[in-house]
1. Name, by its number, the condition in (1) at negative phi; (2) touching a strand residue (DSSP E or B) at 6+ places or on another chain (Cβ under 6 Å); (3) surrounded by fewer than 18 Cβ atoms within 10 Å (Cβ to Cβ); (4) at pLDDT below 95 that does not hold for residue 212.
2. Output the residue which, of all residues in region 22-41 that are at negative phi and assigned to a loop (DSSP other than H, G, I, E, B), is farthest from the chain's Cα centre (by Cα).
3. Please verify whether residue 72 is closer than 19 Å to residue 113 by Cβ, in contact with a strand residue (DSSP E or B) (Cβ under 7 Å, 6 or more places away or on another chain) and not assigned by TED's automatic domain parsing to the domain that holds residue 150, treating the condition exactly as stated.
4. Would you call residue 163 in contact with a helix residue (DSSP H, G or I) (Cβ under 7 Å, 6 or more places away or on another chain) and assigned by TED's automatic domain parsing to the domain that holds residue 232?
5. Quick check, is residue 219 in a loop (DSSP other than H, G, I, E, B), exposed (fewer than 15 other Cβ atoms within 10 Å of the Cβ), outside the structural domain of residue 110 (by TED's automatic domain parsing) and modelled with pLDDT of 95 or more?
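The values are calculated or read from the model by the stated rules, or taken from the named source; none is laboratory data. This one's a predicted model, so the numbers in the text were calculated from it and none came from an experiment. For neighbour counting, all protein chains shown are included, and Cβ atoms are generated from backbone atoms with ideal geometry for every residue, glycine included.
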């Protein structure tokens, strides 16, 4: 199913008992698409792709601000194309539906919208309370994904701001502009803070291209003071987690969940096997 058909399907299914269509945040729309398996491929930045598809079709989707979208009258009448199920005889290395999705994912207009969205945010991507022990500091890899079914991204070159935690307490705040956040974090595994932190949060000034590569942000000119305040507020809320606050808005970046390093996974699996054999 095409992205636009999947998005409309989710919003059309949001109809209430009063025959009204409930608006949804684009992140929630993305999660509903993934949970419903409405597509065969989700890519590396499904949330960005959903948001870009919505903004390129103002005749179908109406914006209510802060990332919330609903359906216009045209969108409510839109007839969704049924998901194509190819027969076994037609299945090849890439079936017709998957080929259609790959071609759609490379749509230059969608990529332009994602790039515009990246430029409109000061903090573009972030990760919260990641586990120090799940990062391969030797290789300098720091992988994350937008959700459990999207392809992982390596944030080893991302720049920005980071926080170190001892349990739930923030013990250090740092910045990484001349080098990457991963490089600064790796330094902290060997300096005077080495034994004092077990988790970290990070906030990236660089964006993510649709292919998962890092989109370097150069000097940000003409920064809107409202966007700056919004970003600073978002960092404090996300980083300190006040009980009455939770940041979600279309001017603050996309959150990524941590992916445990593959080599660490192998080591953990090996230890489990050794333990099981030792008990026999």
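1. (1)
2. The selected residue is 22.
3. Answer is yes for this residue.
4. It is true that residue 163 is in contact with a helix residue (DSSP H, G or I) (Cβ under 7 Å, 6 or more places away or on another chain) and assigned by TED's automatic domain parsing to the domain that holds residue 232.
5. On the way: in a loop (DSSP other than H, G, I, E, B): yes; exposed (fewer than 15 other Cβ atoms within 10 Å of the Cβ): yes; outside the structural domain of residue 110 (by TED's automatic domain parsing): yes; modelled with pLDDT of 95 or more: no.
When the stated conditions are applied, residue 219 does not pass them.
So that you can scan it fast, the table gives a plain yes or no per residue for (1) at pLDDT below 75; (2) over 23 Å from residue 121 (Cα atoms):
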site	(1), (2)
14	no, yes
17	yes, yes
38	no, yes
47	no, no
55	no, no
75	no, yes
86	yes, yes
89	yes, yes
102	yes, yes
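Table: residues versus (1) modelled with pLDDT of 75 or more; (2) surrounded by 15 or more Cβ atoms within 10 Å (Cβ to Cβ); (3) within 22 Å of residue 153 (Cβ to Cβ).
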site	(1), (2), (3)
231	yes, yes, yes
234	yes, yes, yes
243	no, no, no
252	no, yes, yes
263	yes, no, yes
269	yes, no, no
280	no, no, no
